[in-house]
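Just below is one structure, and these are the notes that go with it.
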Amino acid sequence: INAEYGASLAHAMSSRTAWTRMLATKPRAWILLQEDEELATSGLTRQLGLFDLIMIGIGGTVGTGVFALAGYIAREDAGPAVMVSWAVAAFGCTVNGFAYMELSSLVPSSGSVYAYSYHALGEVFAVVAAWCLTLEYGVSGAAVARAWGTKLVYWIQDLADSGSAGSWLDLKYCSVVAGAIQGVCVVLLLCGTSFGKLFVNTMTAIKIGLILFMTVAAFTHFDAGNLSPFIPPEHGVSGVLTGGTAAFFGFIGFDEVCCLAGEAKNPTQTMPRAVVGTIVGTAVLSVAASLALVGMIQYDLIDPDAGFASGFKSLDWNAIAHITQAGEITTLPIVVFIAFLAQPRLLFAMANDGLAPSIFGRVDKDGNLFWGTLISGAVLTAIATCVPFDHLNDMVSAGVLISFSICNCCLLTLRCKPSSPQLFPALLWAFIAATGVTAFSWQQCITDSSMLDNIPLMIVAHLFAAVSICLLIALWRYCPQSPAVDGTLFRSPWVPLLPGVAIFFNWFLIAQLTVTGLLLISGWILLAVLSYFVYGYNHSLSDQFLRLHEESSVMSSTLNSRLSDNPAVDTDLYLSLIHI
(Lines give C-alpha, C1' and ligand atoms only; values in the text may rest on other atoms or scores of the structure.)
Protein backbone atom coordinates (compact mmCIF):
# COMPACT_ATOMS: atom_id res chain seq x y z
CA ILE A 1 0.00 0.00 0.00
CA ASN A 2 2.75 2.47 0.95
CA ALA A 3 4.59 1.84 -2.32
CA GLU A 4 1.44 2.24 -4.40
CA TYR A 5 0.41 5.35 -2.49
CA GLY A 6 3.85 6.94 -2.79
CA ALA A 7 4.06 6.25 -6.51
CA SER A 8 0.56 7.62 -7.15
CA LEU A 9 1.24 10.77 -5.11
CA ALA A 10 4.57 11.40 -6.84
CA HIS A 11 2.89 11.06 -10.24
CA ALA A 12 0.09 13.44 -9.23
CA MET A 13 2.50 16.08 -7.91
CA SER A 14 4.82 15.87 -10.93
CA SER A 15 1.95 16.16 -13.44
CA ARG A 16 0.83 19.58 -12.23
CA THR A 17 0.94 22.36 -14.79
CA ALA A 18 1.64 26.05 -14.29
CA TRP A 19 -2.08 26.67 -14.73
CA THR A 20 -2.84 24.21 -11.93
CA ARG A 21 -0.38 26.03 -9.71
CA MET A 22 -1.96 29.42 -10.46
CA LEU A 23 -5.43 28.09 -9.63
CA ALA A 24 -4.40 26.35 -6.41
CA THR A 25 -6.96 27.11 -3.73
CA LYS A 26 -6.71 27.39 0.02
CA PRO A 27 -8.94 25.02 2.03
CA ARG A 28 -11.63 26.61 4.18
CA ALA A 29 -10.47 24.58 7.19
CA TRP A 30 -6.95 26.01 6.81
CA ILE A 31 -8.30 29.59 6.67
CA LEU A 32 -10.41 29.09 9.79
CA LEU A 33 -7.46 27.49 11.60
CA GLN A 34 -5.24 30.46 10.74
CA GLU A 35 -7.88 32.86 12.05
CA ASP A 36 -8.13 30.97 15.34
CA GLU A 37 -4.33 30.86 15.69
CA GLU A 38 -4.06 34.60 14.98
CA LEU A 39 -6.65 35.35 17.65
CA ALA A 40 -4.84 33.12 20.13
CA THR A 41 -1.36 34.53 19.50
CA SER A 42 -2.33 38.20 19.15
CA GLY A 43 -4.45 38.34 22.27
CA LEU A 44 -7.45 39.53 20.26
CA THR A 45 -10.89 38.28 21.21
CA ARG A 46 -14.27 38.13 19.51
CA GLN A 47 -15.63 41.25 21.16
CA LEU A 48 -17.24 43.21 18.30
CA GLY A 49 -21.03 43.12 18.29
CA LEU A 50 -23.45 44.22 15.58
CA PHE A 51 -23.53 47.85 16.76
CA ASP A 52 -19.71 48.03 16.87
CA LEU A 53 -19.36 46.66 13.34
CA ILE A 54 -21.94 49.04 11.90
CA MET A 55 -20.29 52.01 13.60
CA ILE A 56 -16.88 50.97 12.24
CA GLY A 57 -18.31 50.52 8.74
CA ILE A 58 -20.16 53.83 8.69
CA GLY A 59 -17.34 55.65 10.46
CA GLY A 60 -14.75 54.41 7.99
CA THR A 61 -16.39 56.05 4.99
CA VAL A 62 -19.42 58.24 5.65
CA GLY A 63 -17.26 61.21 6.56
CA THR A 64 -15.19 60.74 3.42
CA GLY A 65 -18.29 60.52 1.26
CA VAL A 66 -20.00 63.61 2.60
CA PHE A 67 -16.94 65.75 3.36
CA ALA A 68 -14.84 64.94 0.30
CA LEU A 69 -17.24 63.71 -2.39
CA ALA A 70 -20.68 65.33 -2.04
CA GLY A 71 -19.55 68.71 -3.36
CA TYR A 72 -17.11 67.19 -5.84
CA ILE A 73 -19.73 64.97 -7.52
CA ALA A 74 -22.37 67.74 -7.52
CA ARG A 75 -20.02 70.27 -9.13
CA GLU A 76 -18.03 68.09 -11.52
CA ASP A 77 -20.35 65.22 -12.51
CA ALA A 78 -24.06 65.20 -11.69
CA GLY A 79 -25.33 68.62 -10.56
CA PRO A 80 -28.57 68.39 -8.49
CA ALA A 81 -28.83 64.71 -9.52
CA VAL A 82 -25.97 63.98 -7.11
CA MET A 83 -28.39 62.09 -4.87
CA VAL A 84 -29.18 59.83 -7.82
CA SER A 85 -25.45 59.12 -8.12
CA TRP A 86 -25.40 58.10 -4.47
CA ALA A 87 -28.53 55.97 -5.01
CA VAL A 88 -26.84 54.25 -7.99
CA ALA A 89 -23.82 53.44 -5.83
CA ALA A 90 -26.09 52.24 -3.01
CA PHE A 91 -27.95 49.95 -5.42
CA GLY A 92 -24.66 48.55 -6.68
CA CYS A 93 -23.45 47.93 -3.14
CA THR A 94 -26.73 46.23 -2.26
CA VAL A 95 -26.64 43.71 -5.11
CA ASN A 96 -22.94 43.11 -4.46
CA GLY A 97 -23.52 42.97 -0.72
CA PHE A 98 -25.37 39.64 -0.92
CA ALA A 99 -22.17 37.93 -2.04
CA TYR A 100 -20.24 39.54 0.81
CA MET A 101 -22.91 38.47 3.29
CA GLU A 102 -22.74 34.83 2.26
CA LEU A 103 -18.95 34.66 1.97
CA SER A 104 -18.27 36.53 5.22
CA SER A 105 -20.58 34.02 6.89
CA LEU A 106 -18.96 31.01 5.21
CA VAL A 107 -15.34 32.20 5.51
CA PRO A 108 -15.21 34.66 8.44
CA SER A 109 -11.64 35.79 7.73
CA SER A 110 -9.87 39.11 8.21
CA GLY A 111 -8.60 38.75 4.63
CA SER A 112 -12.01 39.59 3.12
CA VAL A 113 -11.93 39.24 -0.70
CA TYR A 114 -8.32 38.07 -0.56
CA ALA A 115 -9.35 35.08 1.56
CA TYR A 116 -12.49 34.42 -0.49
CA SER A 117 -10.50 34.45 -3.74
CA TYR A 118 -7.80 32.15 -2.41
CA HIS A 119 -10.45 29.71 -1.23
CA ALA A 120 -12.62 29.77 -4.37
CA LEU A 121 -10.64 30.92 -7.42
CA GLY A 122 -6.92 30.37 -6.84
CA GLU A 123 -3.79 32.16 -5.77
CA VAL A 124 -3.30 34.38 -8.84
CA PHE A 125 -6.80 35.80 -8.32
CA ALA A 126 -6.02 36.19 -4.62
CA VAL A 127 -3.05 38.40 -5.51
CA VAL A 128 -5.20 40.56 -7.82
CA ALA A 129 -7.81 40.82 -5.05
CA ALA A 130 -5.12 41.85 -2.57
CA TRP A 131 -3.92 44.64 -4.85
CA CYS A 132 -7.54 45.83 -5.21
CA LEU A 133 -7.83 45.78 -1.42
CA THR A 134 -4.67 47.88 -1.27
CA LEU A 135 -6.56 50.49 -3.28
CA GLU A 136 -9.48 50.22 -0.84
CA TYR A 137 -7.31 50.47 2.27
CA GLY A 138 -3.96 52.16 1.85
CA VAL A 139 -4.55 54.19 -1.29
CA SER A 140 -8.02 55.30 -0.17
CA GLY A 141 -6.40 56.57 3.03
CA ALA A 142 -3.87 58.49 0.92
CA ALA A 143 -6.77 59.98 -1.07
CA VAL A 144 -8.48 61.08 2.14
CA ALA A 145 -5.18 62.60 3.28
CA ARG A 146 -5.08 64.52 0.01
CA ALA A 147 -8.65 65.77 0.52
CA TRP A 148 -7.79 66.72 4.10
CA GLY A 149 -4.81 68.77 2.93
CA THR A 150 -6.96 70.69 0.46
CA LYS A 151 -9.57 71.42 3.13
CA LEU A 152 -6.90 72.57 5.60
CA VAL A 153 -5.43 75.07 3.11
CA TYR A 154 -8.94 76.27 2.23
CA TRP A 155 -9.58 76.96 5.92
CA ILE A 156 -6.24 78.75 6.29
CA GLN A 157 -7.12 80.98 3.33
CA ASP A 158 -10.57 81.57 4.80
CA LEU A 159 -9.17 82.60 8.18
CA ALA A 160 -6.48 84.78 6.60
CA ASP A 161 -9.00 86.28 4.15
CA SER A 162 -6.51 85.63 1.37
CA GLY A 163 -6.92 83.33 -1.62
CA SER A 164 -3.19 82.63 -1.77
CA ALA A 165 -2.35 82.07 1.90
CA GLY A 166 -0.66 78.70 2.41
CA SER A 167 -1.31 77.60 -1.18
CA TRP A 168 2.24 76.22 -1.39
CA LEU A 169 1.25 73.62 1.19
CA ASP A 170 -1.13 71.89 -1.24
CA LEU A 171 0.09 72.10 -4.83
CA LYS A 172 -1.43 69.75 -7.42
CA TYR A 173 1.55 67.40 -7.61
CA CYS A 174 3.13 68.17 -4.26
CA SER A 175 0.87 68.38 -1.23
CA VAL A 176 3.10 68.88 1.81
CA VAL A 177 0.23 68.70 4.31
CA ALA A 178 -1.26 65.54 2.77
CA GLY A 179 2.11 63.81 2.96
CA ALA A 180 2.55 65.07 6.51
CA ILE A 181 -0.74 63.68 7.84
CA GLN A 182 -0.14 60.35 6.11
CA GLY A 183 3.35 60.27 7.61
CA VAL A 184 2.00 61.03 11.09
CA CYS A 185 -0.39 58.07 10.78
CA VAL A 186 2.50 55.82 9.79
CA VAL A 187 4.57 56.96 12.79
CA LEU A 188 1.64 56.41 15.15
CA LEU A 189 1.18 52.86 13.88
CA LEU A 190 4.94 52.20 14.11
CA CYS A 191 4.72 53.21 17.75
CA GLY A 192 2.03 50.61 18.32
CA THR A 193 -0.87 53.03 18.60
CA SER A 194 -4.29 51.40 18.31
CA PHE A 195 -7.81 52.64 18.74
CA GLY A 196 -10.31 50.61 20.73
CA LYS A 197 -13.92 50.18 19.76
CA LEU A 198 -15.05 52.81 22.28
CA PHE A 199 -12.85 55.46 20.63
CA VAL A 200 -13.97 54.44 17.12
CA ASN A 201 -17.64 54.46 18.15
CA THR A 202 -17.22 57.88 19.77
CA MET A 203 -15.53 59.38 16.71
CA THR A 204 -18.18 57.87 14.43
CA ALA A 205 -20.92 59.37 16.60
CA ILE A 206 -19.20 62.76 16.36
CA LYS A 207 -18.99 62.48 12.56
CA ILE A 208 -22.62 61.46 12.26
CA GLY A 209 -23.59 64.33 14.55
CA LEU A 210 -21.59 66.78 12.41
CA ILE A 211 -23.17 65.47 9.20
CA LEU A 212 -26.66 65.79 10.69
CA PHE A 213 -25.81 69.33 11.85
CA MET A 214 -24.62 70.31 8.36
CA THR A 215 -27.61 68.65 6.70
CA VAL A 216 -30.22 70.28 8.94
CA ALA A 217 -28.53 73.68 8.61
CA ALA A 218 -28.51 73.38 4.82
CA PHE A 219 -32.16 72.31 4.72
CA THR A 220 -33.17 75.51 6.53
CA HIS A 221 -32.14 77.42 3.38
CA PHE A 222 -33.49 74.84 0.91
CA ASP A 223 -34.62 76.32 -2.40
CA ALA A 224 -36.29 73.93 -4.84
CA GLY A 225 -35.30 76.25 -7.67
CA ASN A 226 -31.68 75.19 -7.16
CA LEU A 227 -32.65 71.68 -8.31
CA SER A 228 -33.42 72.87 -11.84
CA PRO A 229 -32.14 71.65 -14.22
CA PHE A 230 -32.03 68.39 -12.27
CA ILE A 231 -29.60 66.82 -14.73
CA PRO A 232 -27.45 69.64 -16.18
CA PRO A 233 -27.13 69.38 -19.99
CA GLU A 234 -23.34 69.72 -19.80
CA HIS A 235 -23.19 66.56 -17.70
CA GLY A 236 -26.14 64.48 -18.89
CA VAL A 237 -27.01 60.96 -17.79
CA SER A 238 -23.42 59.85 -18.28
CA GLY A 239 -22.36 62.43 -15.68
CA VAL A 240 -24.81 60.95 -13.16
CA LEU A 241 -23.37 57.48 -13.79
CA THR A 242 -19.82 58.83 -13.54
CA GLY A 243 -20.83 60.32 -10.21
CA GLY A 244 -22.17 56.90 -9.20
CA THR A 245 -18.77 55.39 -9.95
CA ALA A 246 -17.06 58.08 -7.87
CA ALA A 247 -19.57 57.55 -5.04
CA PHE A 248 -18.39 53.96 -4.60
CA PHE A 249 -15.46 55.51 -2.74
CA GLY A 250 -17.97 56.38 -0.02
CA PHE A 251 -19.22 52.80 0.40
CA ILE A 252 -16.06 50.81 1.05
CA GLY A 253 -16.89 50.63 4.76
CA PHE A 254 -18.83 47.37 4.46
CA ASP A 255 -15.77 45.66 2.97
CA GLU A 256 -13.73 46.89 5.92
CA VAL A 257 -16.39 45.35 8.17
CA CYS A 258 -15.79 41.98 6.49
CA CYS A 259 -12.11 42.26 7.42
CA LEU A 260 -13.13 42.29 11.09
CA ALA A 261 -14.96 38.97 10.88
CA GLY A 262 -12.22 37.34 12.93
CA GLU A 263 -12.98 39.66 15.87
CA ALA A 264 -16.79 39.56 15.59
CA LYS A 265 -19.09 37.81 18.01
CA ASN A 266 -20.98 34.98 16.30
CA PRO A 267 -19.67 36.09 12.87
CA THR A 268 -21.83 33.73 10.84
CA GLN A 269 -24.95 35.55 12.05
CA THR A 270 -23.59 39.02 12.77
CA MET A 271 -21.62 39.74 9.57
CA PRO A 272 -24.57 39.72 7.11
CA ARG A 273 -26.52 42.12 9.33
CA ALA A 274 -23.50 44.39 9.74
CA VAL A 275 -23.05 44.59 5.96
CA VAL A 276 -26.71 45.57 5.48
CA GLY A 277 -26.58 48.10 8.31
CA THR A 278 -23.45 49.74 6.92
CA ILE A 279 -24.84 50.06 3.37
CA VAL A 280 -28.22 51.41 4.51
CA GLY A 281 -26.73 53.83 7.06
CA THR A 282 -24.17 55.20 4.61
CA ALA A 283 -26.75 55.56 1.82
CA VAL A 284 -29.29 57.43 3.96
CA LEU A 285 -26.75 59.90 5.34
CA SER A 286 -25.05 60.51 1.97
CA VAL A 287 -28.28 60.99 -0.03
CA ALA A 288 -29.80 63.31 2.59
CA ALA A 289 -26.63 65.42 2.90
CA SER A 290 -26.22 65.71 -0.89
CA LEU A 291 -29.85 66.78 -1.34
CA ALA A 292 -29.41 69.43 1.36
CA LEU A 293 -26.24 70.74 -0.28
CA VAL A 294 -27.62 71.18 -3.81
CA GLY A 295 -30.86 72.61 -2.38
CA MET A 296 -28.95 75.22 -0.37
CA ILE A 297 -26.79 76.53 -3.23
CA GLN A 298 -26.72 76.22 -7.01
CA TYR A 299 -24.52 73.31 -8.04
CA ASP A 300 -22.25 75.46 -10.25
CA LEU A 301 -21.40 77.70 -7.27
CA ILE A 302 -20.19 74.80 -5.10
CA ASP A 303 -16.45 74.61 -4.55
CA PRO A 304 -15.62 70.93 -5.30
CA ASP A 305 -12.84 71.00 -2.70
CA ALA A 306 -14.84 72.67 0.10
CA GLY A 307 -18.40 71.37 -0.36
CA PHE A 308 -20.63 72.41 2.53
CA ALA A 309 -18.18 75.00 3.82
CA SER A 310 -18.30 76.90 0.52
CA GLY A 311 -22.09 76.79 0.57
CA PHE A 312 -22.30 78.19 4.09
CA LYS A 313 -19.75 80.88 3.19
CA SER A 314 -21.83 81.97 0.19
CA LEU A 315 -24.73 82.59 2.59
CA ASP A 316 -22.46 84.49 5.02
CA TRP A 317 -23.01 81.79 7.64
CA ASN A 318 -19.41 82.07 8.69
CA ALA A 319 -19.82 80.52 12.15
CA ILE A 320 -21.46 77.38 10.71
CA ALA A 321 -18.81 77.24 7.98
CA HIS A 322 -16.02 77.32 10.59
CA ILE A 323 -17.72 74.59 12.65
CA THR A 324 -17.99 72.47 9.51
CA GLN A 325 -14.36 73.02 8.58
CA ALA A 326 -13.14 72.33 12.10
CA GLY A 327 -15.15 69.12 12.24
CA GLU A 328 -13.86 67.91 8.87
CA ILE A 329 -10.24 68.67 9.70
CA THR A 330 -10.56 66.99 13.11
CA THR A 331 -12.25 63.76 11.99
CA LEU A 332 -10.75 62.98 8.58
CA PRO A 333 -7.27 62.07 9.96
CA ILE A 334 -8.94 59.24 11.91
CA VAL A 335 -10.22 57.88 8.60
CA VAL A 336 -6.67 58.04 7.20
CA PHE A 337 -5.33 56.12 10.19
CA ILE A 338 -8.02 53.42 10.14
CA ALA A 339 -7.66 52.94 6.38
CA PHE A 340 -3.89 52.54 6.71
CA LEU A 341 -4.25 50.24 9.73
CA ALA A 342 -5.49 47.38 7.51
CA GLN A 343 -2.67 47.65 4.95
CA PRO A 344 0.20 46.07 6.96
CA ARG A 345 -2.20 43.32 8.07
CA LEU A 346 -3.05 42.52 4.45
CA LEU A 347 0.64 42.33 3.53
CA PHE A 348 1.25 40.17 6.61
CA ALA A 349 -1.40 37.69 5.42
CA MET A 350 0.13 37.60 1.94
CA ALA A 351 3.61 37.07 3.36
CA ASN A 352 2.37 34.16 5.48
CA ASP A 353 0.99 32.57 2.30
CA GLY A 354 4.25 33.18 0.43
CA LEU A 355 2.65 35.68 -1.97
CA ALA A 356 4.60 38.70 -0.66
CA PRO A 357 8.23 38.99 0.54
CA SER A 358 8.81 37.56 4.01
CA ILE A 359 9.86 40.97 5.37
CA PHE A 360 6.17 41.93 5.45
CA GLY A 361 5.53 39.02 7.80
CA ARG A 362 8.12 39.98 10.40
CA VAL A 363 6.79 40.91 13.83
CA ASP A 364 8.95 42.84 16.31
CA LYS A 365 9.29 42.06 20.02
CA ASP A 366 6.25 44.22 20.80
CA GLY A 367 4.06 42.37 18.33
CA ASN A 368 4.04 45.19 15.72
CA LEU A 369 4.44 44.68 11.97
CA PHE A 370 7.32 47.16 11.88
CA TRP A 371 8.79 46.57 8.42
CA GLY A 372 5.45 46.08 6.71
CA THR A 373 4.20 49.30 8.26
CA LEU A 374 7.36 51.25 7.41
CA ILE A 375 7.62 50.14 3.77
CA SER A 376 3.94 50.43 2.88
CA GLY A 377 3.71 53.69 4.84
CA ALA A 378 6.60 55.23 2.91
CA VAL A 379 5.00 54.32 -0.42
CA LEU A 380 1.58 55.65 0.61
CA THR A 381 3.10 58.87 1.96
CA ALA A 382 4.70 59.44 -1.44
CA ILE A 383 1.33 58.76 -3.14
CA ALA A 384 -0.50 61.15 -0.82
CA THR A 385 2.09 63.82 -1.54
CA CYS A 386 2.34 63.51 -5.31
CA VAL A 387 -0.91 62.12 -6.78
CA PRO A 388 -3.97 64.42 -7.14
CA PHE A 389 -7.23 63.40 -5.46
CA ASP A 390 -9.22 62.90 -8.68
CA HIS A 391 -6.74 60.30 -9.98
CA LEU A 392 -6.75 58.49 -6.63
CA ASN A 393 -10.55 58.61 -6.50
CA ASP A 394 -10.83 56.96 -9.93
CA MET A 395 -8.40 54.20 -8.98
CA VAL A 396 -10.03 53.49 -5.62
CA SER A 397 -13.52 53.36 -7.15
CA ALA A 398 -12.31 51.03 -9.90
CA GLY A 399 -10.53 48.84 -7.36
CA VAL A 400 -13.71 48.58 -5.30
CA LEU A 401 -15.76 47.59 -8.35
CA ILE A 402 -13.23 44.95 -9.44
CA SER A 403 -13.06 43.46 -5.96
CA PHE A 404 -16.89 43.37 -5.93
CA SER A 405 -16.88 41.37 -9.17
CA ILE A 406 -14.23 39.00 -7.85
CA CYS A 407 -16.39 38.44 -4.77
CA ASN A 408 -19.41 37.54 -6.95
CA CYS A 409 -17.24 35.16 -8.98
CA CYS A 410 -16.21 33.49 -5.72
CA LEU A 411 -19.86 33.02 -4.75
CA LEU A 412 -20.77 31.53 -8.13
CA THR A 413 -17.73 29.25 -8.07
CA LEU A 414 -18.43 27.85 -4.61
CA ARG A 415 -22.09 27.29 -5.50
CA CYS A 416 -21.79 25.85 -9.02
CA LYS A 417 -18.30 24.50 -9.74
CA PRO A 418 -18.46 21.35 -7.55
CA SER A 419 -21.26 19.91 -9.68
CA SER A 420 -19.92 21.18 -13.03
CA PRO A 421 -16.10 21.37 -12.78
CA GLN A 422 -15.57 21.55 -16.56
CA LEU A 423 -18.60 23.43 -17.90
CA PHE A 424 -18.94 26.07 -15.19
CA PRO A 425 -15.56 27.85 -15.64
CA ALA A 426 -16.14 28.14 -19.40
CA LEU A 427 -19.61 29.63 -18.90
CA LEU A 428 -18.46 31.99 -16.13
CA TRP A 429 -15.52 33.54 -17.98
CA ALA A 430 -17.53 33.80 -21.18
CA PHE A 431 -20.24 35.62 -19.21
CA ILE A 432 -17.70 38.02 -17.69
CA ALA A 433 -16.27 38.84 -21.13
CA ALA A 434 -19.71 39.24 -22.74
CA THR A 435 -21.02 41.54 -20.00
CA GLY A 436 -17.86 43.65 -20.23
CA VAL A 437 -18.32 44.18 -23.98
CA THR A 438 -22.02 44.91 -23.44
CA ALA A 439 -21.32 47.49 -20.72
CA PHE A 440 -18.69 49.40 -22.70
CA SER A 441 -20.83 49.33 -25.86
CA TRP A 442 -23.91 50.79 -24.19
CA GLN A 443 -21.76 53.31 -22.32
CA GLN A 444 -20.78 54.80 -25.67
CA CYS A 445 -24.46 55.29 -26.51
CA ILE A 446 -25.19 56.98 -23.17
CA THR A 447 -22.22 59.32 -23.51
CA ASP A 448 -23.10 60.30 -27.09
CA SER A 449 -26.71 59.72 -28.19
CA SER A 450 -25.66 60.00 -31.82
CA MET A 451 -24.02 56.61 -31.38
CA LEU A 452 -27.52 55.10 -31.40
CA ASP A 453 -27.38 55.56 -35.18
CA ASN A 454 -24.09 53.66 -35.39
CA ILE A 455 -25.28 50.34 -36.82
CA PRO A 456 -22.12 48.28 -36.10
CA LEU A 457 -22.04 49.49 -32.50
CA MET A 458 -25.73 48.70 -32.03
CA ILE A 459 -25.25 45.22 -33.44
CA VAL A 460 -22.38 44.57 -31.02
CA ALA A 461 -24.31 45.98 -28.04
CA HIS A 462 -27.48 43.96 -28.70
CA LEU A 463 -25.63 40.79 -29.69
CA PHE A 464 -23.46 40.65 -26.58
CA ALA A 465 -26.39 41.60 -24.36
CA ALA A 466 -28.29 38.60 -25.74
CA VAL A 467 -25.23 36.37 -25.32
CA SER A 468 -24.87 37.52 -21.71
CA ILE A 469 -28.50 36.63 -20.95
CA CYS A 470 -28.13 33.22 -22.60
CA LEU A 471 -24.97 32.47 -20.65
CA LEU A 472 -26.66 33.43 -17.37
CA ILE A 473 -29.56 31.10 -18.19
CA ALA A 474 -27.06 28.35 -19.01
CA LEU A 475 -25.36 28.82 -15.64
CA TRP A 476 -28.71 28.41 -13.94
CA ARG A 477 -29.86 25.48 -16.08
CA TYR A 478 -26.71 23.35 -16.46
CA CYS A 479 -24.68 24.10 -13.30
CA PRO A 480 -26.62 22.81 -10.28
CA GLN A 481 -25.80 24.49 -6.99
CA SER A 482 -24.15 22.67 -4.13
CA PRO A 483 -26.08 22.38 -0.84
CA ALA A 484 -25.32 24.64 2.12
CA VAL A 485 -22.34 23.66 4.29
CA ASP A 486 -24.28 24.63 7.40
CA GLY A 487 -27.97 25.41 7.64
CA THR A 488 -27.29 28.29 10.04
CA LEU A 489 -25.13 30.21 7.55
CA PHE A 490 -26.54 33.06 5.46
CA ARG A 491 -27.25 32.01 1.88
CA SER A 492 -27.77 34.56 -0.88
CA PRO A 493 -31.07 34.34 -2.78
CA TRP A 494 -31.53 34.36 -6.56
CA VAL A 495 -28.21 32.84 -7.55
CA PRO A 496 -26.94 33.12 -10.28
CA LEU A 497 -29.23 36.06 -11.17
CA LEU A 498 -28.07 38.49 -8.45
CA PRO A 499 -24.32 37.86 -8.91
CA GLY A 500 -24.79 38.12 -12.69
CA VAL A 501 -26.59 41.46 -12.41
CA ALA A 502 -23.91 42.68 -9.99
CA ILE A 503 -21.06 41.76 -12.36
CA PHE A 504 -22.73 43.59 -15.27
CA PHE A 505 -23.48 46.61 -13.07
CA ASN A 506 -19.84 46.77 -11.95
CA TRP A 507 -18.63 46.63 -15.55
CA PHE A 508 -21.08 49.39 -16.47
CA LEU A 509 -19.75 51.74 -13.78
CA ILE A 510 -16.13 50.93 -14.63
CA ALA A 511 -16.97 51.97 -18.20
CA GLN A 512 -17.79 55.47 -16.88
CA LEU A 513 -14.18 56.11 -15.85
CA THR A 514 -12.02 58.52 -17.77
CA VAL A 515 -9.38 57.19 -20.13
CA THR A 516 -6.76 58.14 -17.54
CA GLY A 517 -8.64 56.22 -14.86
CA LEU A 518 -8.95 53.14 -17.08
CA LEU A 519 -5.25 53.25 -17.92
CA LEU A 520 -4.30 53.63 -14.25
CA ILE A 521 -6.41 50.70 -13.07
CA SER A 522 -5.26 48.54 -16.00
CA GLY A 523 -1.64 49.26 -15.10
CA TRP A 524 -2.38 48.46 -11.46
CA ILE A 525 -3.87 45.05 -12.32
CA LEU A 526 -0.93 44.28 -14.63
CA LEU A 527 1.47 45.11 -11.79
CA ALA A 528 -0.48 42.73 -9.54
CA VAL A 529 -0.15 39.87 -12.03
CA LEU A 530 3.51 40.71 -12.63
CA SER A 531 4.23 40.65 -8.88
CA TYR A 532 2.72 37.17 -8.71
CA PHE A 533 4.95 35.77 -11.45
CA VAL A 534 8.06 37.57 -10.19
CA TYR A 535 7.68 36.45 -6.57
CA GLY A 536 4.49 34.67 -5.55
CA TYR A 537 4.58 31.88 -8.13
CA ASN A 538 7.88 30.54 -6.77
CA HIS A 539 7.31 31.22 -3.07
CA SER A 540 3.66 30.51 -2.38
CA LEU A 541 2.51 27.74 -0.08
CA SER A 542 0.14 26.34 -2.69
CA ASP A 543 2.29 23.18 -2.82
CA GLN A 544 1.08 22.40 0.66
CA PHE A 545 -2.58 22.99 -0.27
CA LEU A 546 -2.25 20.91 -3.44
CA ARG A 547 -0.39 18.20 -1.59
CA LEU A 548 -3.12 17.97 1.05
CA HIS A 549 -5.78 17.73 -1.64
CA GLU A 550 -3.87 15.21 -3.74
CA GLU A 551 -2.87 13.14 -0.71
CA SER A 552 -6.53 12.78 0.15
CA SER A 553 -7.52 11.96 -3.45
CA VAL A 554 -4.66 9.54 -4.07
CA MET A 555 -5.09 7.77 -0.74
CA SER A 556 -8.81 7.34 -1.39
CA SER A 557 -8.36 5.98 -4.93
CA THR A 558 -5.49 3.68 -3.96
CA LEU A 559 -7.32 2.17 -1.02
CA ASN A 560 -10.57 1.83 -2.92
CA SER A 561 -8.70 -0.04 -5.65
CA ARG A 562 -7.15 -2.42 -3.12
CA LEU A 563 -10.53 -2.96 -1.48
CA SER A 564 -12.09 -3.96 -4.81
CA ASP A 565 -9.17 -6.30 -5.59
CA ASN A 566 -9.19 -7.96 -2.18
CA PRO A 567 -12.55 -7.90 -0.41
CA ALA A 568 -11.12 -9.85 2.52
CA VAL A 569 -9.00 -6.96 3.78
CA ASP A 570 -9.84 -5.07 6.96
CA THR A 571 -12.18 -2.38 5.58
CA ASP A 572 -12.38 -0.44 8.85
CA LEU A 573 -8.58 -0.16 8.98
CA TYR A 574 -8.41 1.28 5.47
CA LEU A 575 -11.22 3.73 6.12
CA SER A 576 -9.46 4.96 9.24
CA LEU A 577 -6.29 5.51 7.19
CA ILE A 578 -8.23 7.64 4.72
CA HIS A 579 -9.52 9.87 7.54
CA ILE A 580 -6.02 10.17 8.98
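The structure-derived value of log10 I(q)/I(0) by the Debye sum over Cα atoms at q = 0.07, 0.09 Å⁻¹ appears in the list (1) -0.49, -0.80; (2) -0.44, -0.71; (3) -0.66, -0.93 under the label (2).
Around the amide H of residue 170, modelled in the peptide plane, lie the amide H atoms of 176, all under 5 Å away and 5 or more residues distant in sequence or on another chain. What accessible area, in Å² to the nearest ten, does a 1.4 Å probe give for residue 169? Per-residue accessible area (residue 169): approximately 30 Å².
Computed from Cα atoms, the angle from the helix 50-63 axis to the main principal axis of the chain rounds to 50 degrees.
Helix 176-190 and the longest principal axis of the C-alpha atoms of the chain enclose an angle of approximately 40°. Karplus-derived 3J(HN,Hα) values for the range 315-328, using 6.51 cos²θ - 1.76 cosθ + 1.60 with θ = phi - 60°, are 9, 6, 8, 5, 5, 5, 4, 5, 4, 4, 5, 5, x, 4 Hz; glycine and proline are entered as x. Note on residue 188: accessible area approximately 70 square angstrom, rounded to 10, probe 1.4 Å, nucleic acids and ligands left out. Among 494, 148, the order of accessible area from largest down is 494, 148, computed with a 1.4 Å probe on protein heavy atoms. Counting charges near residue 119 (Lys, Arg +1; Asp, Glu -1) among other residues having Cβ under 10 Å from its Cβ returns a value of +2. The trypsin sites (Lys or Arg not before Pro) found in the range 317-368 that occupy coil by DSSP, while having at most 12 further C-beta atoms within 10 Å, are 365. If you sort 381, 435 by accessible surface, 1.4 Å probe, largest first, the order is 381, 435. When its C-alpha radius of gyration is set against 2.2 N^0.38 Å (N residues), the range 45-154 gives a value of 1.27.
Accessible surface for residue 76 stands near 80 Å², nearest 10, in the context of the full protein assembly shown (1.4 Å probe). Sequentially through the range 380-391, phi angles give Karplus couplings (6.51, -1.76, 1.60; θ = phi - 60°) of 5, 5, 5, 5, 4, 6, 9, 9, x, 4, 5, 5 Hz, Gly and Pro residues having no value and appearing as x. As I understand it, the value is the acute angle between the Cα axis of helix 140-160 and the longest principal axis of the Cα atoms of the chain; what does it come to in degrees, rounded to 10? That works out to roughly 10 degrees. Averaged per residue, the chain has 41 square angstrom of accessible surface, using a 1.4 angstrom probe with ligands and nucleic acids left out. Using the Cβ-Cβ distance between residue 534 and residue 17 with R0 = 30 Å, the FRET efficiency computed as 1/(1 + (r/R0)^6) comes to roughly 0.95. The listed residues 450, 162, once ranked by accessible area (1.4 Å probe) with the largest placed first, stand as 450, 162.
Applying the Karplus relation 6.51 cos²θ - 1.76 cosθ + 1.60 with θ = phi - 60° to the range 450-457 yields 3J(HN,Hα) values of 5, 5, 5, 8, 7, 4, x, 5 Hz, where x marks Gly and Pro.
The values are calculated or read from the model by the stated rules, or taken from the named source; none is laboratory data. For clarity, every value in this text was computed on a predicted model and none was experimentally measured. Heads up, the Cβs are rebuilt from the backbone with ideal geometry, glycines too, and the neighbour counts pull from every protein chain shown. To get the accessible areas, we keep the full protein, side chains included, count just its heavy atoms, and leave off ligands, DNA and RNA. Shrake-Rupley method; radii C 1.70, N 1.55, O 1.52, S 1.80 Å.
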